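Step one of this worksheet: look at the structure below.
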Amino acid sequence: MIPYGRQHIDDKDIEAVVETLQSDFLTQGPCVPAFEQAISDRVNSRHAIAVNSATSALHLACLALGVGSGDRVWTSPITFVASANCARMCGAEVDFVDIDLETGNMSVSELASRLESANARGELPKVIIPVHLCGQPCDMREIHELAQQYGVRLIEDAAHALGATYQGEPVGNGRYSDITVFSFHPVKMITTGEGGMACTNHSELAQRMAELRSHGIVREPERMAFQADGPWYYEQQALGFNYRMTDLQAALGLSQLKRLDDFVERRRELAENYRTALADLAIQPLVQRENRESSCHLYVIRLPWVASLEEKRRCVHLLHSEGVGVQVHYIPLYRQPYYRECESKMSLRWMGAEAYYREAISLPLYPWLNNTEQEHVVDVLHRLASHL
Ligand SMILES: *Cc1c(COP(=O)(O)O)cnc(C)c1O
C-alpha cells in the first residue's frame with residue numbers, strides 16, 4: 001500500500017543524532033537553542049520555543065495568552081483534535097467556526113457573523129485558532145482584522161504549514177497573530193520524531209511559554225521572588241509541565257530543516273502533477289487562494305458525487321484494495337464523542353464541514369513518492385471516476 005504520507009531519514013540525519021548521543025548532553029544541550037534559532041531565522045519570528053509536540057505548544061500558547069476556565073476558544077472543526085483540546089486543557093469552552101468548503105479553511109464570512117452575534121450576547125471568545133489545512137494559509141489578514149475589531153487573540157495552528165508563505169512572507173512571522181505553532185511529528189513537513197515549536201514576536205509570551213515548558217521554574221537571578229539561598233537555588237513560580245524537547249530531537253530537526261526547501265519543492269511538483277492529471281475528472285482538488293503558497297503537506301480532493309459516508313466508505317475500500325493508501329483529514333471534531341458531550345445541539349451550523357467530511361480524501365503525497373507510484377494513484381482514480 002502506498003501510504004498517504006511518510007518521513008524520510010537520510011544518513012546525515014542519523015549522523016547528527018549519533019553525534020548528539022555521543023556528546024555530553026542528551027537534553028538541554030546546545031542543539032535545542034540552535035534549532036530554535038534556525039526555525040526563528042527560517043520563519044522570521046523574534047522567538048521560538050521548542051517543545052515535545054505541537055500539542056504541548058498549543059497548550060502553552062493558550063496558557064501564555066491567559067486562557068482559563070470561563071473563557072471561550074474557537075477553532076475549525078476540520079482539524080486534528082489537538083487544535084481544540086489545548087483549550088479544554090486550560091478549562092475553557094470550545095466552539096467551532098464552519099469552513100469554506102472550497103479550501104477546507106475557516107470561513108471568514110462565517111467567522112464575521114459568529115463574532116457579531118457572540119458580541120451581542122457578550123460571549124466573545126478569548127482566542128481563535130485558525131488552522132492552515134494541508135499547508136494552505138488561512139485568510140489571516142481578514143481574520144486578524146476581525147480579531148482586532150473584537151479584541152480577540154490569535155494562535156495559528158501551522159502544524160501543516162512549515163515552508164508555506166502568505167503575501168510573500170513565511171508563515172510563522174507573526175504579522176497577523178500572537179503565536180504560531182508548528183509540528184515535527186513524522187508525517188509533517190520535517191520531523192524530530194515527536195516535537196513542536198511555538199513562534200512569537202512578543203517577549204513576555206515567549207518567556208511565559210519557556211517557563212511553563214519546564215515546570216514553571218525560573219533560574220535567572222533578576223527574576224527571583226526571594227534572595228538566592230546559594231548557587232544551587234532556583235524557583236518554581238507557576239505550575240508548569242515537562243514539555244521540553246531533547247537534544248536528540250533538536251539535532252534531528254536541525255538536520256531535517258536543511259532539506260525543507262527540497263521537501264517543499266518536490267511536494268509542490270507532485271501536487272501540480274495531481275492537479276493536471278485529474279483535471280478532466282469530476283474530482284475537485286481543494287482550491288488554492290491567491291497571494292499564498294501552500295507547503296503542500298496534504299493533497300486533499302473532494303469527490304462531489306459521494307452523497308453519504310456509506311458511499312465514501314466504498315470509494316476508500318476500492319482505493320485501498322488497489323494499493324492506494326488514502327486517508328481522511330479530518331473527522332469533524334464536533335462528531336467526536338468527547339465533543340458531542342460538550343456540544344448540546346448538533347445543528348446544521350457546520351454545513352461546510354459536513355459536506356467536506358462526506359467528500360474529502362487525502363491522496364498519497366510525500367517527497368519520496370516516485371512518479372510511477374503517483375501514476376498508479378492517478379490511474380486508479382481515473383478508473384474510479386469512470387465507473388460513475
Ligand atoms: C499534527 C497536528 C497537531 C498536533 O501535532 P503533534 O506534534 O502531533 O502534537 C496539531 N494540529 C494539527 C492541525 C495537526 O495536524
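We did not get these values from a lab; they are worked out from the coordinates using the rules stated. Only a predicted model underlies this, so the values are computations on that prediction, with no experimental measurement involved. Because the Cβ atoms are built from the backbone with ideal geometry, glycine has one as well, and the counts that use them run over all protein chains shown.
Below are the figures for this structure:
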{"quantity": "FRET efficiency for ARG219 and SER113, using Cβ-Cβ distance with R0 set to 51 Å, rounded to 0.05", "calculated": "0.60"}
{"quantity": "Residue exposure sequence - THR276, THR27, THR20 - by fewest surrounding Cβ within 10 Å", "calculated": "THR276, THR27, THR20"}
{"quantity": "q = 0.19 Å⁻¹: log10 I(q)/I(0) that the Debye formula gives for region 192-244, counting C-alpha atoms only", "calculated": "-0.72"}
{"quantity": "Rg over Rh, two decimals, the chain (C-alpha only, Kirkwood Rh)", "calculated": "0.99"}
{"quantity": "Counting DSSP beta bridges with both ends in region 91-232, the antiparallel % (nearest 5)", "calculated": "55"}
{"quantity": "Pair LYS258, ARG141: separation of 7 Å Cα→Cβ label points (nm)", "calculated": "3.7"}
{"quantity": "Pairwise FRET efficiency - SER23 versus SER69, Cβ, R0 = 56 Å, nearest 0.05", "calculated": "0.85"}
{"quantity": "15 Å beta-carbon shell around GLN288, net charge (K/R +1, D/E -1)", "calculated": "-1"}
{"quantity": "Packing-based exposure ordering (other Cβ within 10 Å, fewest first) of SER255, SER23, SER83", "calculated": "SER23, SER255, SER83"}
{"quantity": "Distance in nm between pseudo-label sites at ASP41 and TYR150 (7 Å out along the Cβ direction from Cα)", "calculated": "4.0"}
{"quantity": "Convex hull volume of region 86-191 per residue (C-alpha atoms, cubic angstrom)", "calculated": "105"}
{"quantity": "Cα-only radius of gyration and Dmax that characterise region 247-359, units Å", "calculated": "18.0, 49"}
{"quantity": "Mean ellipticity per residue at 222 nm, deg cm²/dmol - from DSSP H runs of n ≥ 4 across the chain, formula -39500 (n - 2.57)", "calculated": "-12000 deg cm²/dmol"}
{"quantity": "Spin-label model distance (nm) - ARG121 vs GLN327, 7 Å beyond Cα toward Cβ", "calculated": "3.4"}
{"quantity": "Region 66-190: relative contact order in percent, alpha carbon pairs under 8 Å with at least 6 residues between", "calculated": "20"}
{"quantity": "Length gained when the stretch HIS8-GLU310 is fully extended (0.36 nm per residue, less Cα-Cα span)", "calculated": "105.3 nm"}
{"quantity": "Candidates ALA251, ALA120, ALA271: whichever shows maximal mean-square fluctuation once the chain is modelled as a Gaussian network with Cα springs under 10 Å", "calculated": "ALA120"}
{"quantity": "DSSP-loop chymotrypsin sites (Phe, Trp or Tyr not before Pro) across region 304-379, with at most 14 other Cβ within 10 angstrom", "calculated": "TRP305, TRP368"}
{"quantity": "Estimated FRET transfer efficiency (HIS382, MET351; beta-carbon r; R0 25 Å; 0.05)", "calculated": "0.25"}
{"quantity": "Fewest-first ranking of ARG219, ARG268, using other Cβ atoms within 10 Å as the exposure measure", "calculated": "ARG219, ARG268"}
{"quantity": "Within-13-Å neighbourhood charge of HIS376 [Cβ basis; K, R +1; D, E -1]", "calculated": "-3"}
{"quantity": "Most fluctuating residue given options ALA164, ALA34, ALA48, as computed from a GNM of the chain linking Cα atoms under 10 Å", "calculated": "ALA34"}
